[in-house]
Amino acid sequence: MTTPISRGPRPRATARAAVLLAGAVVAATLSACSASGGERPEASPEPGQTTTSAPEAGEATPPAAPAPGDPPDAAADDVPDEVFGGLGDPRIDVRHYEVVVTADPGRAELSGTATLTLAATTEEPLPSFTLDLKGPTVSAVEVDGEAAEVDEAPEELEITPTEALRPGVEVEVAITYAGEPELAEFPGLGVPVGWQADSEGGWFTMSEPDGTSTWVPVNEHPSDKATWTITLDTPADQVGVANGRLVSREVQGDRRRWVWETDEPMATYLVLAAVGDYDLVERTGPGGVRIVLAFPTSLPEARRAGFDELDDILTFFEDTFGGMPDDDSGAIVVATPLGLALETQTRPLFGIDAVGSEEVWALAHEIAHQWYGNAVSPASWADLWLNEGFATYADWLYLDHTGRVDVADSAGGRGDVIPSRGLAVLDPEAAGTFDGAVYDGGARTLHALRLTVGDDAFFEILERWYAEHDGTSVTTADFTDLAEEVAGEDLEAFFDDWLRAEEQPDLPE
Ligand code: ARG
Ligand code: ZN
């Protein structure tokens with residue numbers, strides 16, 4: 001692919017679909033733009049890719065890969081989740097991950113140690129628990145310094161310490177592992193999920209919803225958030241990038257250890273790791289926030305310019321949502337056309353095709369997620385609109401604030417921005433395929449709420465949603481309760497119409 005996505009005028013809807021959706025869609029969009037600027041031809045699927053055609057905006061798109069979410073797994077050791085089942089263990093609460101990973105560009109295998117501080121959430125002592133791990137195998141597990149038994153099932157470790165975990169009492173679980181990450185494919189999108197090679201020989205992770213377990217053992221569900229210390233042990237001439245604050249970058253012989261630390265708890269899908277040839281641009285942003293931008297050294301200055309707007313975006317959202325979500329911020333661009341960006345915590349990740357001044361909405365979108373999705377996280381994947389509807393509405397607000405697109409026009413462009421199959425916002429299938437329903441449908445719901453309760457109540461709801469739930473995982477019911485409390489009215493019928501019906505009503509006048 002030689003055509004940069006930022007070349008040439010395109011309708012905004014096309015740009016959005018290209019940035020948020022899979023490679024096949026991007027390929028189709030790009031060839032359409034560069035060839036004729038007119039109609040999009042059918043995309044030819046890459047080998048191993050299941051997406052077969054580029055969906056027209058607003059057109060029904062049949063799911064290509066197996067339908068989302070394994071059937072909800074009733075096992076006691078999985079978090080019940082009707083969208084992405086079979087993950088996590090609700091009987092434990094991980095509070096901190098301390099991870100050291102040795103990874104070299106060009107080598108498929110990685111090795112690591114992960115030390116998890118966790119406690120049982122059960123009322124009775126817990127004899128064993130599970131962690132998710134896909135690919136690497138384990139050579140040792142210790143719980144509080146004592147060897148524990150480990151059963152390695154595909155994609156899951158069952159750990160049995162010599163003594164049962166006492167409810168609420170923290171233990172340290174140290175796991176030594178090595179091997180090749182086992183990439184998953186995102187349902188319906190054909191996007192690889194997890195630790196993957198970039199186009200220049202390095203590595204990066206794109207982990208929504210369950211890719212972090214391809215390179216570190218985790219409790220892989222957004223209902224269990226934790227702080228992280230990530231050490232990337234790389235060849236001395238390579239750069240290792242992760243979330244949060246860079247606390248050291250010491251050279252030891254021909255290796256370098258990049259140590260990154262987060263202060264705020266994060267959901268596992270928001271963990272970022274990348275190793276390669278990066279320029280780190282470090283500066284201080286609004287209110288003293290520490291900004292670290294990581295660009296592939298090959299990325300020309302002109303294509304980095306869109307990130308100059310980061311400070312304005314942070315300031316606008318700080319004013320609108322009340323407070324900064326973190327002391328650390330920034331972004332990373334990876335040297336691979338991904339067809340998407342992801343809101344990895346503090347440092348969102350952009351495919352090389354998602355940068356440029358025309359993609360400023362994408363930067364605003366991923367930065368908005370730092371409040372909605374990251375600080376305030378969904379308790380289950382069925383609540384995905386709490387991420388995508390909010391970040392989409394926030395990027396509409398930013399486009400409106402800068403005079404680019406009136407928010408009423410964004411909200412009025414029903415169904416033509418991110419392709420939707422006409423599902424309800426809360427349909428688990430919409431969440432499981434990142435359908436346009438959760439993006440535009442969710443954002444339109446918020447705009448309708450604003451028109452219904454008025455600006456004062458609406459922005460108070462947004463501020464309190466962040467202030468009162470920062471650092472936690474929440475449900476749709478938590479949101480509708482808050483909205484009713486602030487508005488002082490019964491909104492049950494409103495939310496049924498906007499979130500549960502396949503066809504949304506007309507926006508209130
Ligand atoms: N959460 C990303 C966003 O900002 C979208 C990623 C969609 N693709 C995926 N495989 N999760 O909208
Ligand atoms: Zn998003």
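Values quoted throughout were computed directly from the atomic coordinates according to the rules given, and no laboratory measurement underlies them. The model shown is predicted, which means the values in this text are computed figures rather than measured ones. Note: ideal-geometry Cβ built from the backbone for every residue, glycine included; neighbour counts use all protein chains shown.
Listed values, structure above:
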{"item": "Cα gyration tensor of segment 405-509 - equivalent ellipsoid semi-axes, whole Å, descending", "result": "22, 17, 13"}
{"item": "Loop GluC sites (Glu not before Pro), segment 234-318, which have at most 12 other Cβ atoms in a 10 Å radius of their Cβ (DSSP)", "result": "none"}
{"item": "Karplus 3J(HN,Hα) series, Hz, for segment 100-115 with 6.51 cos²θ - 1.76 cosθ + 1.60 (x for Gly, Pro)", "result": "10, 10, 9, 9, 10, x, x, 10, 6, 8, 10, 9, x, 10, 10, 10"}
{"item": "Under Karplus coefficients 6.51, -1.76 and 1.60, residue-wise ³J(HN,Hα) of segment 309-321 in Hz, glycine/proline x", "result": "7, 3, 4, 5, 5, 4, 5, 4, 6, 4, 5, 7, 9"}
{"item": "Distance between modelled label sites at D406 and T162, nm, 7 Å Cα→Cβ extension", "result": "7.2"}
{"item": "Built amide H within the under 5 Å cut-off of M266, gap 5+", "result": "A226, T227"}
{"item": "Cut-off under 5 Å, modelled amide H: who pairs with I92 long-range", "result": "T121"}
{"item": "Alpha-carbon radius of gyration plus Dmax, which is the widest Cα pair, for segment 79-238 in Å", "result": "15.7, 51"}
{"item": "Listed peptides 330-337, 157-164 by packing density, highest first (mean Cβ within 10 Å)", "result": "330-337, 157-164"}
{"item": "Computed FRET value (nearest 0.05) for A477 with A501, which takes r as the C-beta separation and R₀ as 22 Å", "result": "0.80"}
{"item": "Under the Karplus curve 6.51 cos²θ - 1.76 cosθ + 1.60, θ = phi - 60°, whole-Hz ³J(HN,Hα) for segment 429-445, x wherever Gly or Pro sits", "result": "5, 5, 5, x, 10, 6, 5, x, 4, 6, 7, 5, x, x, 5, 5, 4"}
{"item": "Backbone N under 11 Å from the T115 label point (7 Å along Cα→Cβ), restricted to segment 160-204", "result": "172-175"}
{"item": "Spacing of the two label points (7 Å from each Cα toward its C-beta) at A140 and S298, in nm", "result": "4.0"}
{"item": "Gain in span if fully extended, E172 to R107, counting 0.36 nm per residue against the direct Cα distance", "result": "20.4 nm"}
{"item": "Placed amide H near A184: partners under 5 Å, 5+ positions off or other chain", "result": "V193"}
{"item": "Whole-number D in µm² s⁻¹ for segment 273-412, Kirkwood Cα-pair radius fed into Stokes-Einstein, 25 °C, 0.890 mPa s", "result": "161"}
{"item": "D456-T284 FRET efficiency (beta carbon distance; Förster radius 22 Å; 0.05 resolution)", "result": "0.05"}
{"item": "Theoretical gain in end-to-end length, Q252 to A236 [0.36 nm per residue, Cα-Cα removed]", "result": "5.0 nm"}
